[in-house]
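Have a look at the structure below before the remarks.
The values are calculated or read from the model by the stated rules, or taken from the named source; none is laboratory data. Just so we're clear, the structure is a prediction, and the values are computed from it rather than from any experiment. FYI the Cβ positions are ideal-geometry reconstructions off the backbone, even for glycines, and counts take in every protein chain you see. Ligands, DNA and RNA are excluded from the accessible area calculation, which covers all protein heavy atoms including side chains. Shrake-Rupley method; radii C 1.70, N 1.55, O 1.52, S 1.80 Å.
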Amino acid sequence: MSRLVIFSNRVPADGPPSGGLVVALQSTMDNRGGLWIGTEPGDEEPPDTLIPRPGETFDRLTMPLSRAEHEDYYLGYANSVLWPMLHGRVDLLDVSSGQRATYEAVNRRLAKLARPHLRDTDILWIHDYHLIPLAAALRELGVTNPIGFFLHTPFPDAGSVQALSHSDSFLRWFAAYDLVGLQTSRDVARFLDAFRSAGAAQLISGRCIRWQDEIIRVGSFPIGIDADGFRDMAEDAIRTQTPPLSSHRLMIGVDRLDYTKGIPNRLRGFQTYLRDHPAEEDRIAFVQIAPPTREDVGAYMDVRRELEQLSGEVNGEFSDIGYVPVQYIHRAVARSAISGLLRRADIALITPLNDGMNLVAKEFVAAQDPEDPGVLVLSKFAGAAEQLEGGAVLINPHDPASVADGIRKAARMPVGERRQRHEQMYDILRQSNGDWWADSYLRALEASAVIRISNLASLGQGSLGPMTSPLTAFPGKL
């Protein structure tokens, strides 16, 4: 079996995984072994070399960044330009001079330093928006290995891509990959449309695009979790953790504090629900866990202030003796503790305005007691909605009335319906877990690499004309 080399912005530490990317890949790397390469904040003049980091089941290397590189590559271009653009928030683009140049330079330096550590038989898998140009930089250094890319965010519509002053360069970065993996069929359709809108694009059989004499292959691979493992963690947590103090029904939200997560929207929806259901028997205690992230970026400061103001406003309007409607926790909480809270919750309220997948939605489903499961109230704009629409209560997070109606429906749902919905969603989680996701992607990558070196002209081509119906992408298939 070929060695797997993963590239991502950060390299995981030993111990239980925390972030969604690490959660999804940890099992694959633990079982398969290999090499994980990433970056880390460094000094003013970091060494121009990769630093080995401790790890038991697979090797880890990191490239230290200077403060200036961290400022322009990570906080600047990646999170103040690409992140809002990928989520359709072009109104929040914060473009400063030199950011894009530093972003590309960091990717080139990572490619140069990684090159001596690569073997001819390696399979390379690059993750997320921080490292989109990395494959092109590796190809320039003569790397011919199969190289795949997976985007953990949504892919934006064509108009958002065109908001970049260098949109052609952004699209061209994808041409160096043998396979571009996205979360949903909706993302695949947007990806194809972005190239069609840029002009001179043709769709070839097998979900390949010929664009400016390049061949780009794309597919949807919805990321999964270890549902049985998370259920075990939740059951253990419920036995060892202190029960919540509130006697009211528990509703929970767990998100990084990010403007894409729609947390202020869900508070407005909850506020609408409370105004429509003042009776004590309808009371719900809402716990929102929102650990800080990227607090040096202005847009994140704004959403934190808005959330603090809204939670205070709701509590001021509806608090009573023995009842506080909103508990807002602005700090990191251990994953094991979160699993216990998810298990106890009667409702999960997950309202992203635009999301790649949203693994918390899947973790909530996994954590539930199948005999008395809670209800998932989920934004229709979450990537998870594509898989879980039959079991979740789907809502429009932009409409407080829709959010309130979703809460009401969840609160009144009879146990028989709850069991049926939960069983349907849990079966999906077990069939498409994290190992399935990684294995299906890597099989497709190996097949795509064969296509890259074959005579692509023999595949035939047809015009990529107007889309008259949605493009379908089946999980794990191209």
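Tabulated results
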read-out	value
Leading residue by the ranking (most open to solvent (accessible area, probe 1.4 Å)) among those in the range 55-96 that are closer than 19 Å to G38 by Cα and in a loop (DSSP other than H, G, I, E, B)	E56
Counted residues, the range 150-193 - those being within 18 Å of V90 (Cα to Cα) and touching a strand residue (DSSP E or B) at 6+ places or on another chain (Cβ under 9 Å)	6
Single unsatisfied condition, I126 versus (1) more than 14 Å from G38 (Cα to Cα); (2) modelled with pLDDT of 95 or more; (3) out of contact with any Lys or Arg (no Cβ under 6 Å at 6 or more places or on another chain)	(1)
Hey, M233 in a helix (DSSP H, G or I) and within 26 Å of the chain's Cα centre (by Cα) or not	yes
Search result, residues across the range 38-54 that are of a type in the set (A, V, I, L, M) and surrounded by fewer than 17 Cβ atoms within 10 Å (Cβ to Cβ)	I51
Top-ranked residue in the range 131-146 [being under 15 Å from V5 (Cβ atoms) and not in a helix (DSSP H, G or I); ranked as most open to solvent (accessible area, probe 1.4 Å)]	T144
Residue match in the range 91-112 (condition: modelled with pLDDT under 95 and on the phi > 0 side of the Ramachandran plot)	yes
Hits in the range 266-290 (condition: at pLDDT below 90 and farther than 17 Å from P400 by Cα)	A279, E280, E281, D282, R283
Among the candidates R239, R275, R231, residue that is of a type in the set (D, E, K, R) and either within 30 Å of G199 (Cα to Cα) or buried (at least 17 other Cβ atoms within 10 Å of the Cβ) (or both)	R231
Residue list for the range 198-228, restricted to those being surrounded by 15 or more Cβ atoms within 10 Å (Cβ to Cβ) and closer than 27 Å to Q26 by Cβ	R217, V218, G219, S220, F221, P222, I223, G224, I225, D226, A227
S247 being open to solvent by 30 Å² or more (accessible area, probe 1.4 Å) and either hydrophobic (A, V, I, L, M, F, W, C) or on the phi < 0 side of the Ramachandran plot (or both)	yes
Complete set of residues in the range 181-191 that are out of contact with any helix residue (DSSP H, G or I) (no Cβ under 9 Å at 6 or more places or on another chain), surrounded by 23 or more Cβ atoms within 10 Å (Cβ to Cβ) and among the hydrophobic types (A, V, I, L, M, F, W, C)	V188
Filter result (farther than 26 Å from E389 by Cβ, touching a residue at least 60 places away in the same chain (Cβ under 8 Å) and either in contact with a helix residue (DSSP H, G or I) (Cβ under 6 Å, 6 or more places away or on another chain) or among the polar types (S, T, N, Q) (or both)) within the range 325-367	S336, G340
Among residues of the range 147-185, those that are more than 24 Å from S440 (Cβ to Cβ) and assigned to a loop (DSSP other than H, G, I, E, B), counted	6
Yes/no for L378 being in a strand (DSSP E or B) and crowded, with 24+ Cβ neighbours inside 10 Å	yes
Residue list for the range 299-338, filter: in a loop (DSSP other than H, G, I, E, B), among the β-branched types (V, I, T) and surrounded by 12 or more Cβ atoms within 10 Å (Cβ to Cβ)	V324, V333
